[in-house]
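These notes concern the structure reproduced below.
The values are calculated or read from the model by the stated rules, or taken from the named source; none is laboratory data. This structure is a prediction, so every number in the text was calculated from the model and none was measured. Every residue, glycine among them, receives a Cβ derived from its backbone with ideal geometry; neighbour counts consider all protein chains shown. We work out accessible area using only protein heavy atoms, side chains counted, and drop any ligands, DNA or RNA first. Shrake-Rupley method; radii C 1.70, N 1.55, O 1.52, S 1.80 Å.
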Amino acid sequence: MNTIDDRDRIHGAAGDFSDETAREHALVLLGEVDRRLEQARLHRIYYMRLARAYGCSYDQIGAELRITGAAVRAALARAGVVE
């Protein structure tokens, strides 16, 4: 990943970053992705709980999320949701 083309894919048109600046920027972006994934996970659990409260089955929720009903049940159990 030391070519200008690879840097352009990461930084858009700003391919003039040094390798050190590019590494630092990549780490910052990874941190942001991690924060957003955690936020999305919390939202996902919240809406799974809401759907269950409105009577949706694990399988119905799973179908919307493209996962199995068992995976929905496990995610809610890991989150401490007791039914």
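Kindly indicate whether any position in the range 52-60 is free of Cβ contacts under 8 Å to residues at least 24 places away in the same chain and among the basic types (Lys, Arg).
Within the range 52-60 (the criterion being free of Cβ contacts under 8 Å to residues at least 24 places away in the same chain and among the basic types (Lys, Arg)), the answer is no, since none of the residues qualifies.
Considering 73, 66, 49, which residue is in contact with a Phe, Trp or Tyr (Cβ under 8 Å, 6 or more places away or on another chain) and at pLDDT 95 or above?
Numbers: 66 fails: in contact with a Phe, Trp or Tyr (Cβ under 8 Å, 6 or more places away or on another chain); 49 fails: in contact with a Phe, Trp or Tyr (Cβ under 8 Å, 6 or more places away or on another chain).
Within the list 73, 66, 49, the selection yields 73.
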Give the range 37-62 a look and list any residue that's small (Gly, Ala, Ser) and open to solvent by 70 Å² or more (accessible area, probe 1.4 Å), or say none. 53
Suppose we filter 55, 69, 62, 31 for residues that are on the phi > 0 side of the Ramachandran plot and not basic (Lys, Arg); which single one remains? 55
